[in-house]
1. So what's the angle, to the nearest 10 degrees on a 0 to 90 scale, between helix 311-321 and the longest Cα principal axis of the chain?
2. Which listed residue (297, 203, 354) has the Cα farthest towards the positive end of the charge dipole for the chain, taking +1 on Lys and Arg C-beta and -1 on Asp and Glu C-beta about the Cα centre?
3. Once you measure Cβ to Cβ distances between cysteines in the chain, which Cys have no partner under 4.7 Å?
4. Checking the cross-link filter: which lysines have an alpha carbon closer than 21 Å to that of residue 244, excluding same-chain neighbours under 8 positions apart?
5. How long are the semi-axes of the equivalent ellipsoid of region 62-255, defined as square roots of 5 times the Cα gyration tensor eigenvalues? Whole Å, largest first.
6. Which percent of Cα-Cα pairs in the chain sits in each 20 Å bin, short to long?
7. Which lysines, on any chain, are close to residue 381 with Cα under 23 Å apart, when same-chain ones fewer than 8 places away are left out?
8. Before anything else, pin down the relative contact order of region 15-94: Cα pairs under 8 Å, at least 6 apart, normalised by residue count, whole percent.
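Every number in this text was worked out from the coordinates using simple rules, so none of it is lab data. Bear in mind that the values here come from a model prediction, so they are computed numbers and not experimental data. Because the Cβ atoms are built from the backbone with ideal geometry, glycine has one as well, and the counts that use them run over all protein chains shown.
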Amino acid sequence: MSELENTEFGTAGMGEAAGIRYCKRCLMPNSRPRIQFDENDICNACHTAKRKNDIDWEARRAEFLDYVERYRPKSGPYDCIVPWSGGKDSSSIAHRLKFEFGLNPLLVTFSPLLPTEIGEHNCVEMLKVGFDQILVRPNQAVSRHLARRFFVERGNPKVHWDAGVAAAPMQIAVKFGIPLVFYAEHGPSEYGGYVLSEENMKVQDYTEVLENQIGDHPQNWLDEYIQEKDLAPYVLPSFEDIQKAEVTALYFGYFFRWSMYENYDYIKDKFDFRTDPRGRTDGTFTNFDSLDDKIDNLYYHMQFVKFGFGRTVRDACRMIQNDQMTRTEALALAEKYDDEFPQQYLSENLEFLGMTEPECMETIDLHRNSEIWNFDGNHWKLRNPPK
Ligand SMILES: [Zn+2]
């Protein structure tokens with residue numbers, strides 16, 4: 001998961017009494033944080049997708065090779081770091097770097113909050129193909145405390161995980177002097193968000209990561225339980241330290257055409273990569289995405305509650321933008337699955353968050369935005385569902 005929605009409700013594009021509007025090409029609503037719609041109600045993620053047809057991918061590949069040559073370390077066993085979840089996207093990147101480009105990437109994993117068996121299986125199988133991994137598993141008492149607090153306060157139990165995913169690879173890059181880090185795709189341009197500049201879609205900008213992807217500095221999380229030392233796994237190295245170590249973080253998706261489905265298609269037969277055995281994951285029609293964390297189903301449901309688009313719409317928009325699905329097909333799937341409650345891991349989620357089911361339901365409803373939701377006496381319904 002690298003496109004992150006850790007901000008408050010995206011009201012910038014709203015304001016009409018009718019509530020949210022939807023992109024006319026995909027199904028993304030303008031309530032997605034920082035998304036931009038043009039005068040014809042086409043979102044900027046759709047524009048990014050269309051522009052990909054005009055990109056000279058051979059030139060981008062040459063640019064990639066140039067970076068690799070320029071930044072390859074003079075000594076040490078590793079050429080670069082790949083922040084790696086064991087999922088289809090980061091595994092595809094690592095696999096291509098190793099076997100297509102002859103690099104030796106070090107895989108750095110920030111542990112899921114609640115690792116799944118299938119996620120762990122996929123990690124083990126990928127490592128068998130021939131990789132070294134550093135796994136960062138933070139203090140679980142701290143992680144649980146923060147997950148509960150962020151779920152209650154912000155409707156997102158993974159705020160600190162987002163920070164850890166951003167921080168751990170950079171900490172290790174600085175510490176071991178590995179100057180190149182390959183992140184997957186640039187979320188704001190790929191999925192709709194505020195894009196600072198073209199350069200920013202290629203080279204990671206730390207201010208953007210802090211402000212838009214994490215939305216917060218860990219320093220703000222101190223409370224009666226959390227002390228500064230507890231936050232070490234979540235803090236990015238200082239800008240000065242990153243510069244001194246000459247570490248550059250690049251988005252792989254800038255150099256090579258990015259598509260989650262094609263990543264899955266690439267990796268599925270490279271090792272025993274398993275998908276959701278039930279045929280699809282709670283709240284969506286896909287079975288190959290975001291399978292490593294038992295809290296992800298709740299995380300995506302909270303995205304639906306807060307912003308009005310669920311996991312089906314998220315997945316379908318990506319496929320529409322890559323011409324792998326029509327808008328009509330996506331609408332039918334959204335109607336079928338988008339509001340499905342994430343039941344599969346609910347009991348483990350409740351135990352992790354230290355909540356009863358009624359407390360959890362109450363917390364969920366506290367985050368419903370009245371501009372998006374209406375209670376009809378029995379159920380919560382979108383005031384203005386996609387059409
Ligand atoms: Zn769109």
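1. 60
2. Checked the options; the winner is 203.
3. By the Cβ distance rule, which asks for a partner under 4.7 Å, the isolated cysteines are 46, 80, 123, 360.
4. Hits, sequence-local ones excluded: 74, 175, 202.
5. Working from the Cα gyration tensor, I get semi-axes of 27, 20, 16 Å.
6. Final binned percentages: 28, 61, 11, 0.
7. Partners found: 24, 306, 336.
8. Value for region 15-94: 14 percent.
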